[in-house]
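K.L.:
The structure follows.
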């Protein structure tokens, strides 16, 4: 199943001895060239990436939409994607379909299976491995687009899986849908099949070569392998190697070989120079090598290039001031972190991670650290982000904008739910405890035009996959993920095929080192993705020259970024307003809110504000309004009563907390009231359960062993505790046996641990 591994030297790298299996892209048809330039040539004789691509995709054919694909007409770019995947098939190659999220990778995959059955007499069987939450969508798309293909979903209760096993044994199916968890648990059943295609949806799940899922998938036999992912590069190049290792394990056998390959030009440099930062030319050379490697088997299109009718997506960062309560606790956590050392006097990584989490919590809301709180206006007055949200939502709802709010922490979602209920705002909630059927119901409820649910609150990880929420035209990222691709996936729940309105994304960032760190790390990861994946222009139309120009433009002088300042009420209104009517209403709304203090404060603070850049430098004077100093905005919010004044803070907040007052656990204390509410809604509090635990919980519900999610969670909790008790008993028994053995040895006068005496001595 290792077909299509083209043996080729890329930009001066040494050729590798790889045996193909005789496919069109491997074996005797492989290409072997040595020597290259840094301009993107694969071989020194002028074998460019485009020629390399042509040689890899030797067998070509004109592709049309299969007649059994009846769900609609493929868009031109989707037909191009089908043609590319058919070329992979003809040339015995594996590939990554890396179209941006929302472009229909599912439909293109179904089209491939339909084409193979109709034109190649290849009915499968094919295996599609997808997250559990997306399986219903896959089933629905198969029913809509190609009901002629027999599709079996290998999931659910033991009885359901037993029935599916019977279908697999008969071979009377074309496609099997399952999840990564069942690949591990039911490996003995699924690995028996000789699959034609193995397709991994959300292919970035393969980013860790040491994961059980990746290791198990390597043992499955298939003629072709295809990864579907809108985010092929999330954090670093090792993750990219892991994807390539799954597709081409003979070439990409070791991660360290991969790193050496792309750093070989600098291996002879003196150590001091090696440690220096890479020059632009060196970076271009390495990135060109990566582009050359990826070119034959990676296809990526982005929405703005292929969907001209898709409305724009505008992103804004809203800088928020911390409340006095937040500032005090933030400083206390910082001080405690500096005092926390281990026995050797060093600060441990675990300790740093814990304090980092505490800092991320306090900048969101102080109530994450208290056991009880009152539902009143202090819900937003003690948190800078909640204060901004309290101004955002009424304005957006006034003009019938539908809003998605993404959060990282389910406990934070509890407080946000309390706030929305206090404001009598109808909303929907989705986190990791919502089962597949409920997800679908809530998605449909939100998308209904006549629905009064205008707010959908989601956890970033649980709500970032398998949801089509085109009814929303506004996305609020309440807190950011260290992995920027998670945030992008969240945004694309709204900005996707079918969206008819401009989508606006608002990212809330406090003026705090911890959130600036998250933003900085996320931007660094996006920069890697931009240079490796985006600049590669891995579509089927871009020329070598266009790719080089795109890459070089990324290295040209970066814009001087303005110092971070708090977003003023006036600036916020400009970010929100999509018409003159909205702008007029927003200004009118703010007048009583700030007691006419906003305009007066703007005038008096201009002298201390950072001067706007000259029009010649900015090109658009309108977008460079003066920024208020942070202290001025904070003063405005306190004077108007929007944020709690220092004199209003509880005395215990002002007093420096002891080490015991700030919990070490990554999650705050749970309120009884929030727990009751969560039970009423049937939502699990814990969003950090493993896939395996989640499957067991769903099985209990399906088998009737539990009558609710909470009961199933409680059973899983009891199971975990029972296992712990058993391990504890076993450990105790071993200790007792050792003690008894030691006592018996002592009674016999045998020294424990002494070497046995030889016979006859």
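K.L.:
With the requirement that a residue be touching a strand residue (DSSP E or B) at 6+ places or on another chain (Cβ under 9 Å) and surrounded by fewer than 22 Cβ atoms within 10 Å (Cβ to Cβ), what does segment 69-83 give you? Quick ask: steps written out before the conclusion?
P.N.:
We begin by selecting, within segment 69-83, every residue touching a strand residue (DSSP E or B) at 6+ places or on another chain (Cβ under 9 Å); these are 80-81.
Matches in segment 69-83: 80 only.
Residue-by-condition table, conditions (1) in contact with a strand residue (DSSP E or B) (Cβ under 7 Å, 6 or more places away or on another chain); (2) assigned to a helix (DSSP H, G or I); (3) surrounded by fewer than 16 Cβ atoms within 10 Å (Cβ to Cβ); (4) at pLDDT below 55:
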position	(1), (2), (3), (4)
268	no, no, yes, yes
294	no, yes, no, no
301	no, no, no, no
305	no, yes, yes, no
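K.L.:
Can you tell me which of (1) crowded, with 17+ Cβ neighbours inside 10 Å; (2) out of contact with any strand residue (DSSP E or B) (no Cβ under 9 Å at 6 or more places or on another chain); (3) under 30 Å from residue 65 (Cβ atoms) is the one residue 214 doesn't meet?
P.N.:
(3)
K.L.:
Further question: Out of curiosity, is residue 130 under 20 Å from the mean Cα position of the chain (by Cα) and either free of Cβ contacts under 8 Å to residues at least 24 places away in the same chain or surrounded by 20 or more Cβ atoms within 10 Å (Cβ to Cβ) (or both)?
P.N.:
Yes, satisfied.
K.L.:
What strands (runs of 3 or more DSSP E) lie completely within segment 443-520 and have 2 or more residues being closer than 23 Å to residue 205 by Cβ?
P.N.:
Details: elements: 455-459, 474-477, 503-510.
Output list reads 455-459.
K.L.:
Scan segment 347-363 and give yes if some residue there is at pLDDT below 95 and in contact with a strand residue (DSSP E or B) (Cβ under 9 Å, 6 or more places away or on another chain), otherwise no.
P.N.:
Yes, segment 347-363 contains a residue that is at pLDDT below 95 and in contact with a strand residue (DSSP E or B) (Cβ under 9 Å, 6 or more places away or on another chain).
Yes/no matrix, rows are residues, columns are (1) out of contact with any helix residue (DSSP H, G or I) (no Cβ under 6 Å at 6 or more places or on another chain); (2) at pLDDT below 85; (3) farther than 30 Å from residue 91 by Cβ:
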{"position": "139", "(1), (2), (3)": "yes, no, yes"}
{"position": "143", "(1), (2), (3)": "yes, no, yes"}
{"position": "157", "(1), (2), (3)": "no, yes, yes"}
{"position": "162", "(1), (2), (3)": "yes, no, yes"}
{"position": "191", "(1), (2), (3)": "yes, no, no"}
{"position": "209", "(1), (2), (3)": "no, yes, no"}
{"position": "219", "(1), (2), (3)": "yes, yes, no"}
{"position": "225", "(1), (2), (3)": "no, no, no"}
{"position": "235", "(1), (2), (3)": "no, yes, yes"}
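K.L.:
Also: Being within 23 Å of residue 228 (Cβ to Cβ) and surrounded by fewer than 18 Cβ atoms within 10 Å (Cβ to Cβ) is the filter; apply it to segment 241-254 and report the residue that is modelled with the lowest pLDDT.
P.N.:
Filtering segment 241-254 for residues that are within 23 Å of residue 228 (Cβ to Cβ) and surrounded by fewer than 18 Cβ atoms within 10 Å (Cβ to Cβ), the one modelled with the lowest pLDDT comes out as 250.
K.L.:
Name the residues in segment 125-137 that are more than 20 Å from residue 111 (Cα to Cα) and either modelled with pLDDT of 90 or more or touching a strand residue (DSSP E or B) at 6+ places or on another chain (Cβ under 8 Å) (or both), would you?
P.N.:
131
K.L.:
Any residue in segment 107-124 that is surrounded by fewer than 19 Cβ atoms within 10 Å (Cβ to Cβ), assigned by TED's automatic domain parsing to the domain that holds residue 195 and touching a helix residue (DSSP H, G or I) at 6+ places or on another chain (Cβ under 6 Å)?
P.N.:
Yes, that holds for at least one residue.
K.L.:
What's the number of the condition residue 65 fails, among (1) at pLDDT below 90; (2) touching a helix residue (DSSP H, G or I) at 6+ places or on another chain (Cβ under 8 Å); (3) surrounded by fewer than 22 Cβ atoms within 10 Å (Cβ to Cβ)?
P.N.:
Of everything listed in (1) at pLDDT below 90; (2) touching a helix residue (DSSP H, G or I) at 6+ places or on another chain (Cβ under 8 Å); (3) surrounded by fewer than 22 Cβ atoms within 10 Å (Cβ to Cβ), residue 65 misses just condition (1).
K.L.:
Which of the residues spanning segment 366-386 are touching a helix residue (DSSP H, G or I) at 6+ places or on another chain (Cβ under 8 Å), modelled with pLDDT under 95 and crowded, with 16+ Cβ neighbours inside 10 Å?
P.N.:
366, 367, 368, 369, 373, 379, 380, 381, 382, 383, 384, listed by residue number.
K.L.:
Same structure, new question: Since residue 422 meets every condition but one in (1) under 21 Å from residue 494 (Cβ atoms); (2) more than 23 Å from the chain's Cα centre (by Cα), which condition does it not meet?
P.N.:
Here residue 422 clears every test but (1).
The values are calculated or read from the model by the stated rules, or taken from the named source; none is laboratory data. None of the values given here were measured: they were computed from a predicted structure. Cβ sites come from the backbone with ideal geometry, for glycine too, and all protein chains shown count toward neighbours.
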